[in-house]
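This report refers to the structure that appears directly beneath it.
The values are calculated or read from the model by the stated rules, or taken from the named source; none is laboratory data. Fair warning: this is a prediction, and the values are worked out from it, not measured in the lab. Methodologically, a virtual Cβ is constructed for each residue, glycine included, from the backbone with ideal geometry; neighbour enumeration extends over all protein chains shown.
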Amino acid sequence: MPQFMVICRMKDPLDPELQKKRLEIRPAHIVGASKLQAEGHLLLGGMVQDKAGNPAGSGCICDFESEEALWEWLNNDPWMVGGVWDTIEVIPFKVAEHYLKH
């Protein structure tokens, strides 16, 4: 399956209302991400930070059948639907084999 690096950015990480919304929606986002991890789609994920350490978005390495399938997930993620993420960059990626062996 194709792999991708995904970077999702918030419009203004210093906006207190946006940070409040991010925290409110976070449990639903985590449930979805955990499901994708269990299915083998989400290989690694985490928070993108600004230089001061404030939450500024999300990043992940994932494995989907196609870029279209990836966008299906991204467009329905609670943070996208809720307006937390502003821009998303999808980069074709290949995890080096030795990182996949545990």
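Numerical summary
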| read-out | value |
| --- | --- |
| One residue from LYS21, LYS101, LYS35 being among the basic types (Lys, Arg) and either touching a residue at least 24 places away in the same chain (Cβ under 8 Å) or touching a Phe, Trp or Tyr at 6+ places or on another chain (Cβ under 7 Å) (or both) | LYS21 |
| Pick from segment 50-102, criterion of a type outside the set (Phe, Trp, Tyr), at pLDDT below 95 and part of a helix (DSSP H, G or I), ranking: farthest from GLN3 (Cα to Cα) | HIS98 |
| Residue within segment 1-16 that is in contact with a Gly (Cβ under 8 Å, 6 or more places away or on another chain) and not in a strand (DSSP E or B) present | yes |
| Residue within segment 7-25 that is under 9 Å from the mean Cα position of the chain (by Cα) and of a type in the set (Val, Ile, Thr) present | yes |
| Filter result (under 22 Å from HIS98 (Cβ atoms) and surrounded by 12 or more Cβ atoms within 10 Å (Cβ to Cβ)) within segment 18-45 | GLN37, HIS41, LEU42, LEU43, LEU44, GLY45 |
| One residue from VAL95, VAL6, VAL48, VAL90 being touching a residue at least 24 places away in the same chain (Cβ under 8 Å) and buried (at least 17 other Cβ atoms within 10 Å of the Cβ) | VAL6 |
| Enumeration of residues in segment 51-86 that are in contact (Cβ under 8 Å) with a residue 60 or more places away in the chain and over 11 Å from the mean Cα position of the chain (by Cα) | ASP63, PHE64, GLU65, SER66, GLU67, GLY82, GLY83, VAL84, ASP86 |
| Test: ASP15 is surrounded by 13 or more Cβ atoms within 10 Å (Cβ to Cβ) and acidic (Asp, Glu) | no |
